[in-house]
Amino acid sequence: MNFKNLLAERTSVMGASAIREILKVVSEPGMVSLAGGIPAPQSFPMSIISELTEKVISKYASGAFQYDLTEGFRPLQEQLSIFLAERGIKAEPDEINISSGSQGVLDGMAKILISKGDKIAVEAPTYLGAISAFNPYQPEYVRMDTDDYGLIPESLDSILSEHSIKFIYLVPTFQNPTGRTIPMERREKIAEIIIKRQALLVEDDPYSALRYQGNYVPSIKTLAPENVVYVSTLSKIFAPGLRIGFFTAPELIRKWLVLVKQGTDLHTSTFNQALAAEYLEGGYLKKHLPTILKLYKPKQKAMINAIDQYFPKGYKCSPSEGGMFLWIEGPKGIDMEKIYFKALKRKVAFVPGKFFYTKAGEGLATMRLNYTMSDESTINKAIKVLGDIIEG
């Protein structure tokens, strides 16, 4: 039987995630991965998982294993309301919905807002997972200009004046893939622009807790609450396998995202949500977060130092004060995908930067490097290998 004849038209623009395909290579014996955006297993609070489990079963009994509301497990909504308040975001428990990771929200946003040919504004480069979520709905991407400090507000204003944009997608803090953070003065300008233009912004914020230096920068949601869908996750500060994401959005958007989730998975795991609620309520996150930062900070420093030492002149590393990634831009004419295949032969993997652009031909001379999964010594050796390959 020819099953290809049964496939929907949208499958023509769907493909395997480039990073997921790269991660298959990473599993080879002896391969050093600077590729995936994966939290280190040492960052998981394994010592308290049994304690959390016992508390959940004692407190909620069979309720932790039962179907629950699509909007979210009420105790977790209540704890996230407190959590967000500490970030300056005012949201009542009923205004916070739980998702299966933040990826589920991105797919939901695309499903309710994008019709074929609709324009959405994205950074260049932008998060590959967002592109994968949006692509099946066949949008037209409008590229926003960036520099070492993220989105250039004037570019956003120009785009909104020239195009009918369904929504803007941003990762303002420790962006994936660049690690850059939009400074406060730019955030204020962005907020002014989206309010003036009556535009909708999706603010994806999975990394802001992973700050190793500098000062906390408030989210754009705090500056333009009625124009922003704020999306975040506990994956980087609890455990990614639990798939606990959450969002707060203008009421109409939130209601439609609930309807979409009802048709997709009914609700996120009740038991996992209960674990997350206890993790927050018991103060475990506040106690554990310094351990995560202490683990990652020297890794980032080791990678920055190694890049300075081993990469030739003409290669620039974007500044970053946290997160999980560093972004390298080489001289014009360099093809990082060719470097990637040479690196694989020497058992080092990274992600060529071109996969984070929506326009073919952009980002050929760029690469994304992850430092969370390797120790400092391994990072130093792997960057030396890349430097040797680049030097030729």
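Extending 7 Å from Cα along the Cβ direction at residue 67 and again at residue 222 yields two label points whose distance is 4.0 nm.
Note on 324, 373, 14, 303: ascending count of other Cβ atoms within 10 Å places them as 14, 373, 303, 324, the fewest first. Among 243, 197, 180, the order by Cβ neighbours within 10 angstrom, fewest to most, reads 197, 243, 180.
Sequentially through segment 126-143, phi angles give Karplus couplings (6.51, -1.76, 1.60; θ = phi - 60°) of 9, 5, 5, x, 5, 4, 5, 6, 7, 3, x, 8, 6, x, 9, 8, 10, 7 Hz, Gly and Pro residues having no value and appearing as x. The candidate values are [x] 25, 56, 18, 0; [y] 30, 60, 10, 0; [z] 27, 58, 15, 0; the one derived from this structure for P(r) over Cα pairs in 20 Å bins from 0, in percent carries the label [z].
When the GluC sites (Glu not before Pro) in segment 146-202 are filtered for DSSP coil states and for at most 11 other beta-carbon atoms within 10 Å of their beta-carbon, no site remains. Work out the FRET efficiency for residue 297 and residue 51 from their Cβ-Cβ distance, taking R0 = 35 Å, and round it to the nearest 0.05. Given R0 = 35 Å and the Cβ-Cβ separation, E is 0.85. Using every pair of distinct Cα positions in segment 67-283, the Kirkwood expression returns a hydrodynamic radius of 17.4 angstrom. Got a sec? Which residues in segment 214-256 would a label at residue 42 touch, if it sits 7 Å along Cα→Cβ and we count backbone N under 19 Å? The answer is 236-240. The length gained on full extension between residue 359 and residue 381, counted as 0.36 nm times the residue separation minus their Cα-Cα distance, comes to 4.6 nm. With respect to the cross-link table entries 287/338; 196/286; 90/189, which display a Cα-Cα separation exceeding 32 Å? Pairs exceeding the cut-off: 287/338; 196/286.
Neighbour counting of Cβ atoms within 10 Å sorts the residues 251, 329, fewest neighbours leading, into 251, 329. Close amide H pairs (under 5 Å, H built 1.01 Å from N) link residue 229 with 201, 202, 203, residues at least 5 positions away or on another chain. Measuring against 20 Å, Cα to Cα, the residue pairs 111/354; 316/359; 119/359; 24/261; 345/381 contain 111/354; 316/359; 24/261 as the ones spanning a longer distance.
Each reported figure results from applying straightforward, stated rules to the coordinates on display, with no laboratory input. This one's a predicted model, so the numbers in the text were calculated from it and none came from an experiment. Neighbour counts are summed over all protein chains in view; Cβ atoms, including those assigned to glycine, are modelled from backbone coordinates with ideal geometry.
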